[in-house]
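First the structure, in the form of structure tokens, and then the observations on it.
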Amino acid sequence: MMRPVTHSTYGVNCESDVSCERRKITVGICTFRRPSLFLTLESIAGQTGIQKHLVKIVVSDNDEVATLGDELDAFARGRKLDIEYIHAPDRNISIARNACLDHADGDFLVFIDDDEIAEPNWLRTIIDAAKDTGAGVVFGPAHAVYADDAPGWIVENDFHSNIPAPTRGVIETGFSSNVLLDLRNPSVRGLRFSLEYGKTGGEDIDFFFRAHRRNVPMHICMEASVREPVEEKRMSGGWVLRRRYRTGQIYGHCAMTSGTRAGLGPRLSLMARSLAKGLYCGVQAILPPWGLSRTVFWIMRAGFHAGVVTGVFSRPKSAFYGVETATH
């Protein structure tokens, strides 16, 4: 059951100013037992250049029990924010994301994760990019923030940053950690996140593949950035390799199934390309000049392509969301 809790005000009245192009914007945050949520909200409260817009924040709580209402109410009052708290339980991230879509008002819905910190000009920049390009989807980067004692090979390869990039010159899909959806586009407004990916992860890769196959124009705005502190438990080669493999598996499956029904030919073609790329990465990992950072870089790339190979014919089934807060 979804329960709206509190509202405050945020924004100014532009009705008397004909030069003021006021937009109604919803910022969506899905959360699951993360105290860092309030640091994320603080960064949204500190956004600059958006006073002319009407901004609402939807916090979608994926936990079984709704416990954040009073705390969010007090936070909203103190910061003069418009916060709507939605209880969207069952530890399924797709349920939480769909709740944000269902409760979004106006022109744009902008997703940010509950462990990210938005740069002060983040919201204005990503909105301007949508208006300037007419894109139905705008992706921004999430830059990892590493502790001083983080392993050098992780920092040098920047494994934990999420930097959007096209594939063969085309933006096919992306992640929901920092993204704007133009709700005025019917092809975007009608989409929902698939519940079958809600525990395994990959709900966003599937969602944006389907948007791409509906011919929704997509854009990357590198200036609209957020920062994500990296937790210590993610600072191991095993964690990174498992994450790369799983991402590849989800990508391979979604490339063949999301918004399309690929036959045997395309599946075998993708599998062959990924096998060749994985082999190439493996060879690069053992060639000189040797060095830990270089070797690990190629191993992780090989892990991704191995995941693609297995994902061509099978969907990941291991639960990922709701198991521990660090993986949400």
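The values are calculated or read from the model by the stated rules, or taken from the named source; none is laboratory data. As the structure is a prediction and not an experimental result, all values here were calculated from the model. Here the Cβ is made from the backbone with ideal geometry for all residues, glycine too, and neighbour counts use every protein chain on show. Areas reflect the complete protein model, heavy atoms only, side chains present, ligands, DNA and RNA absent. Shrake-Rupley method; radii C 1.70, N 1.55, O 1.52, S 1.80 Å.
Computed values, structure above
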{"read-out": "For segment 161-269, with +1 on Lys and Arg beta carbons and -1 on Asp and Glu, the positive-most of SER177, GLY202, MET235 along the dipole", "value": "GLY202"}
{"read-out": "Student exercise, the chain dipole from Lys, Arg, Asp, Glu Cβ charges, in Debye to nearest 20", "value": "1500"}
{"read-out": "Entries in LYS277/LYS317; LYS199/LYS317; LYS233/LYS277; LYS52/LYS131; LYS80/LYS131; LYS233/LYS317 that, when Cα-Cα distance is taken, lie over 19 Å", "value": "LYS277/LYS317; LYS233/LYS277; LYS80/LYS131; LYS233/LYS317"}
{"read-out": "√(5λ) per eigenvalue of the Cα gyration tensor, segment 27-178, largest first, Å", "value": "25, 21, 17"}
{"read-out": "Stokes-Einstein D in µm²/s, Kirkwood radius over Cα pairs - segment 171-295 at 25 °C with 0.890 mPa s viscosity", "value": "143"}
{"read-out": "Neighbourhood net charge (15 Å Cβ-Cβ; Lys/Arg +1, Asp/Glu -1) for VAL283", "value": "+3"}
{"read-out": "Where only alpha carbons of the chain are counted, the Rg and the Dmax (Å)", "value": "20.2, 67"}
{"read-out": "Top positive-direction residue, dipole computed over segment 121-224 with Cβ charges, set GLY152, PRO186, PRO166", "value": "PRO186"}
{"read-out": "Contour minus Cα-Cα distance for SER161 and ALA276 (0.36 nm per residue)", "value": "38.8 nm"}
{"read-out": "Packing rank of 158-164, 62-68, where each peptide gets the mean count of other beta carbons within 10 Å, highest leading", "value": "158-164, 62-68"}
{"read-out": "Surface share of carbon and sulfur [accessible, 1.4 angstrom probe, percent] for the chain", "value": "55"}
{"read-out": "Normalised contact order of segment 269-323, rounded percent, pairs of Cα under 8 Å and 6 or more residues apart", "value": "43"}
{"read-out": "Per residue, in Å², the accessible surface of the chain once ligands and nucleic acids are set aside, probe 1.4 Å", "value": "44"}
